[in-house]
Each structure stands twice: as C-alpha cells, then as structure tokens.
Amino acid sequence: MKSLRPRALRAANDMPDIIFNSQHFELSRGETLLQCLLRHRQAIPHGCQAGVCQSCRLKLVTADGTIDIAAAQSGLSPSQRAENLFLSCQLQPRQSLEVALAHDGRDWQPATITECRQISNSVWQLSLATALRWQPGQYINLTLNGVDSRCYSATNLAGSGHLQLHIRRFPDGQVSDALCQRQPGSAVHIMGPVGEFLLRDDRPAKRLLLLGSGTGLAPLLAIAQHALLRLPDTPITLIHCARTPAELYDCDALQALQANSAITVQRAQWGEAAGDGNLPTLDTQLDELGPLGSDQCYLSGSSAFVQRYQRGLFMRGASRAQIFSEAFLDFSQQV
Ligand SMILES: Cc1cc2nc3c(=O)[nH]c(=O)nc-3n(C[C@H](O)[C@H](O)[C@H](O)COP(=O)(O)OP(=O)(O)OC[C@H]3O[C@@H](n4cnc5c(N)ncnc54)[C@H](O)[C@@H]3O)c2cc1C
Ligand code: FES
C-alpha cells in the first residue's frame with residue numbers, strides 16, 4: 001500500500017506514529033498495534049491477543065511506504081483481506097500507519113440473556129435471544145463493556161432464535177465471572193460467528209469420536225446434534241472428560257444425546273490425577289475403542305488437553321488429517 005500522507009504520518013524520532021480517530025500515538029519498541037492503542041486508552045475490542053478471536057480487527061487506511069499485512073490477516077475472509085482488514089494483535093508495524101475500526105458487516109450486535117443458570121459448581125448455562133446464525137462448532141465473541149471480549153462456543157444448532165453457551169466461571173476472570181452474575185433480561189454484545197471447527201461430513205468415517213474436556217463439551221454438543229442429522233448411519237462416541245471429576249457437568253443437551261441410540265456417551269478423567277478416583281481414565285477408554293484409523297476425531301478444551309490428545313489419538317492410529325481441534329486459550333490450563 002502506497003503512502004497517501006507521508007508527512008503527516010512520519011514521527012520525528014523514527015518510532016512509528018499511529019493515527020487512530022484523528023489522534024497520533026507513538027508506538028513503543030516491540031509493541032503490537034493493539035498494545036499501543038490500548039496503552040493509550042483507546043477502546044479497541046480485543047480478547048485472546050493470539051490471533052484467534054478476530055475481535056481486534058482494524059482497517060488499514062494509509063501507510064508510510066509499503067506494508068505487508070498478510071501475516072496479520074490469518075483467518076480473515078478474502079473480502080476482509082481485500083478491504084485491508086487485519087488483526088491488530090498480530091501486527092508490529094515498522095512504519096507509521098493510519099487505522100480505523102473495522103466495519104465489515106460483522107459488527108457487535110446486542111443480544112439479551114434469557115437464561116443464566118448454574119449447572120455445576122463451576123459452569124453456568126446461558127441462553128441469549130439473538131438473530132445471529134452460526135454453524136455447529138463455531139464460537140462467538142461476547143463483550144460486556146465493548147472492549148474486553150471472550151470467545152464462547154455455541155452448544156446448540158442455529159435457527160431457534162436462541163444461542164446457548166456453557167461458561168466456566170473463573171472467580172478472578174475478567175469476563176466469565178461478571179457474565180455468570182448477569183440476570184435474565186440483561187444485554188450483552190456478541191460478534192461472529194467465528195471458527196472452522198465444523199463437522200466434516202464430506203469425508204468418510206466409520207465412527208465419529210468426540211473428546212471434550214470441561215466446557216470443551218460445548219461445541220461438541222452442537223457438532224453431535226448436527227452429525228445426527230447429516231450422518232445418521234455413522235456411530236458417534238462422545239467422551240466428556242476433565243482433570244477432576246468436579247469439572248464434569250450434566251445438561252439437557254447431553255441427556256438428550258445420551259437417549260439417542262446412535263451415540264455412546266462416556267465420562268473420563270485425564271491428567272496427573274487420572275486413575276485415583278472412580279472415573280475411568282481417558283487413556284484406558286481410548287485403548288478400549290481399538291485402533292482409530294477409520295475414525296474422524298474432534299477434540300476441544302484447553303490447549304494442554306488438545307495438544308496431549310492430538311498426539312494420543314495419532315499414536316492410536318488416527319490420521320492427522322482426520323483429527324480436528326478447538327483449543328480454548330486459557331491461562332490456567334485446568335480444564
Ligand atoms: C475458540 C475458543 C472457544 C471458547 N469457548 C469457550 C466455551 O464454550 N466455554 C468456556 O467456558 N470458555 C470458552 N473459551 C475460553 C473463554 O474464551 C475465556 O478464555 C474464559 O472464559 C476465561 O475468560 P475470563 O475473562 O473469565 O478470564 P481471564 O480474565 O481471561 O482469566 C482466566 C484465568 O486465567 C488467569 N489469568 C488471566 N491472565 C493471566 C496471565 N497473564 N497469566 C496467568 N494467568 C492469567 C485468571 O486469573 C483466570 O483464572 C473459549 C476460548 C476460545 C479461544
Ligand atoms: S485479540 Fe486479536 S485476534 Fe483475539
């Protein structure tokens with residue numbers, strides 16, 4: 001992209017100058033564009049700061065010289081790329097830039113909480129009234145204050161006018177703690193849907209194996225319901241697991257799946273404490289399933305869980321091309 005207003009953009013001391021909302025902000029060494037704007041108290045929606053949630057999208061307006069933003073456009077659609085949108089948490093500019101908030105038809109939209117119910121010691125079930133549509137397995141970004149956002153996966157199929165979420169409440173978490181205290185009738189803002197963790201019904205499989213740790217169950221509930229419609233002859237094994245039995249929970253959707261003869265639902269424990277209690281270990285259950293060479297596998301939960309069982313499934317014969325995963329970027333690595 002060619003410079004349109006180089007003189008206005010160039011900073012006196014060679015540190016890039018960022019123009020946003022007609023104000024100039026100086027970038028510090030090693031900072032991302034998002035970090036710079038947040039340091040200057042600009043209200044830029046953001047969440048993961050890892051290039052996943054897409055909530056920090058900005059539009060490049062002008063640049064001082066040529067700039068390649070392709071590396072900061074990962075996961076964006078071709079039309080978003082063509083409009084010079086990029087993820088501001090993924091760009092460390094070396095030159096001065098002017099940027100603006102993205103208005104790409106995926107703006108934040110209001111939704112109303114219709115249910116906020118505790119379903120275990122640490123998990124709340126939320127229903128939101130919304131016209132948003134999503135594909136089973138996708139997630140939305142949710143914000144309470146217009147700035148801090150977090151990703152949450154839909155547990156249900158779109159079309160009912162309600163989006164259902166399972167939220168693990170972190171007592172010191174910035175968003176989940178406040179969200180789980182909201183009353184029905186409260187307003188939130190959501191954006192999306194986002195994500196490619198979808199049922200691959202174009203690929204043959206003898207069995208679908210769904211493994212979810214903690215609230216990693218959420219997208220698998222939607223995928224399982226979708227699979228029952230799209231692949232009625234393919235058996236499904238859904239294993240809900242956690243590091244500790246207390247992190248497992250029950251819900252209506254899981255019970256409905258359990259009542260369906262096409263699905264086998266199991267519970268298991270993984271991690272260092274696995275095998276100490278009454279629950280079978282996830283490794284034992286996977287061994288009992290036999291070689292996984294003909295399975296299609298879906299993994300969802302903390303990064304630690306996903307990494308461990310991507311390898312675990314591969315070691316049991318699953319093809320890497322048939323393992324699909326969604327890692328919840330959490331700091332605690334507890335679920
Ligand atoms: C694609 C995707 C889908 C997701 N789907 C779901 C879902 O369906 N359900 C669900 O419950 N969650 C889901 N998550 C996780 C969710 O987005 C949030 O990460 C989670 O709710 C925590 O947010 P929080 O604001 O409450 O906590 P945060 O404020 O982000 O903190 C989380 C925990 O980490 C600790 N922490 C915060 N910052 C640091 C740090 N710098 N170093 C060490 N520890 C730190 C906090 O003390 C707290 O205990 C998903 C995540 C992704 C990426
Ligand atoms: S904050 Fe940039 S992609 Fe999540």
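The values are calculated or read from the model by the stated rules, or taken from the named source; none is laboratory data. All figures in this text were calculated on a predicted structure; none of them were measured in a lab. A quick note on method: Cβ atoms are made from the backbone with ideal geometry, for glycine too, and the neighbour counts reach across all protein chains shown. Heads up: the accessible areas ignore ligands, DNA and RNA and are worked out on the full protein's heavy atoms, side chains in. Shrake-Rupley method; radii C 1.70, N 1.55, O 1.52, S 1.80 Å.
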* To do: Highest first, please rank the peptides 121-128, 63-70 by the mean number of other Cβ atoms sitting within 10 Å of their residues.
  => 121-128, 63-70
* Which order do D172, D17 take by accessible area at a 1.4 Å probe, largest first? -> D172, D17
* To do: Rounded to the nearest Å, what's the spacing between the alpha carbon centres of the stretch 84-139 and the stretch 168-200? Just the number, please.
  => 9
* **Simple label model, 7 Å out from Cα along Cβ direction - R320 to A71, nm** => 2.3
* To do: Assign unit charges at the C-beta atoms only (+1 for Lys and Arg, -1 for Asp and Glu), then state the dipole size of the chain relative to its Cα centre in Debye, rounded to the nearest 20.
  => 580
* What residue among S79, V123, Q138 has its Cα farthest toward the positive end of the dipole of the chain, where the charges are +1 on Lys, Arg and -1 on Asp, Glu, each on the Cβ? -> S79
* Asked: For T112 and R200, what is the calculated FRET efficiency with R₀ set at 45 Å and r taken between the beta-carbons, to the nearest 0.05?
  -> 0.85
* Within the stretch 183-225, what residues put their amide N at less than 14 Å from the label point 7 Å along the Cα-to-Cβ vector of T264? -> 206-211
* **Gap separating the Cα centres of the stretch 52-82 and the stretch 233-271, nearest whole Å** => 39
* Asked: With θ set to phi - 60° and the Karplus curve 6.51 cos²θ - 1.76 cosθ + 1.60, what are the ³J(HN,Hα) couplings of the stretch 45-56 in order, to the nearest whole Hz, using x for Gly and Pro?
  -> x, 7, x, 5, 6, 9, x, 9, 7, 6, 6, 8
* Global form of the stretch 188-335, assessed from the alpha-carbon gyration tensor, a/c cut-off 1.5 -> rounded
* **C-alpha long axis of helix 217-230 to longest principal axis of the chain, angle in °** => 70
* Asked: What ranking do 155-168, 259-272 get when scored by the average of other Cβ atoms within 10 Å per residue, highest first?
  -> 155-168, 259-272
* Three-way shape call for the stretch 109-197 based on the alpha-carbon gyration tensor, with the a/c threshold at 1.5 -> rounded
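Carbon and sulfur together cover what percent of the accessible area of the stretch 100-169 at a 1.4 Å probe radius?
On the way: 1340 of 2750 Å².
Exposed carbon and sulfur together represent 49 percent of the surface.
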* Structure fact -> Taking only protein heavy atoms and a 1.4 Å probe, the highest-to-lowest accessible-area order of M15, M315, M191 is M315, M15, M191
* To do: Starting from the Cα of A129, step 7 Å along the direction of its Cβ; do the same at R94; then give the gap between the two resulting points in nm.
  => 5.3
* Structure fact -> Summing -39500 (n - 2.57) over every DSSP H run of at least 4 in the chain, dividing by its residue total and rounding to the nearest 500, the 222 nm mean residue ellipticity is -5000 deg cm²/dmol
* Asked: Hey, what do the phi angles of the stretch 79-93 turn into as Karplus ³J(HN,Hα) couplings, whole Hz, using 6.51/-1.76/1.60 and θ = phi - 60°, x for Gly and Pro?
  -> 6, 5, 5, 4, 8, 6, 7, 7, 8, 5, 6, 10, 10, 10, x
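Once neighbouring chains are kept in place and the probe is 1.4 Å, which whole percent of the accessible area of the stretch 220-276 is contributed by carbon and sulfur?
Numbers: 1160 of 2460 Å².
Carbon and sulfur atoms account for 47 percent of the accessible area of the stretch 220-276.
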* **Dipole magnitude of the stretch 72-168 about its Cα centre (Cβ charges: Lys, Arg +1; Asp, Glu -1), debye to nearest 20** => 260
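On full extension of the chain, what length is gained from D104 through L289, given 0.36 nm per residue of separation minus the C-alpha to C-alpha distance?
62.1 nm
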* Structure fact -> Once normalised by the length of the stretch 207-328, the mean sequence separation of its alpha carbon contacts under 8 Å that are 6 or more apart gives a contact order in percent of 28
* Structure fact -> Any residue on another chain or 5+ positions along whose placed amide H is under 5 Å from the amide H of I239 is listed here as L210, L211, G212, Q266
* **Global geometry of the stretch 101-260, whether rounded, prolate or oblate, following the gyration tensor of its Cα atoms and the 1.5 cut on a/c** => oblate
* To do: Would you please give the FRET efficiency between Q255 and Q307, computed as 1/(1 + (r/R0)^6) with r the Cβ-Cβ distance and R0 = 51 Å, to the nearest 0.05?
  => 0.95
* To do: Go through D250, D233, D287, D148 and list them by solvent-accessible area, largest first, probe radius 1.4 Å.
  => D233, D287, D250, D148
* To do: Might you tell me the accessible area per residue for the chain, computed with a 1.4 Å probe and given in Å²?
  => 45
* Structure fact -> With all protein chains in place and a 1.4 Å probe, S319 shows an accessible area in Å² (nearest 10) of 50
* Asked: Counting alpha carbon pairs within less than 8 Å and at least 6 residues apart, what relative contact order, in whole percent, applies to the stretch 109-194?
  -> 40
* If packing is taken as the mean number of other Cβ atoms within 10 Å per residue, what is the order of 100-110, 86-96, highest first? -> 86-96, 100-110
* Using Cα pairs closer than 8 Å and at least 6 residues apart in sequence, work out the relative contact order for the chain, in percent. => 13
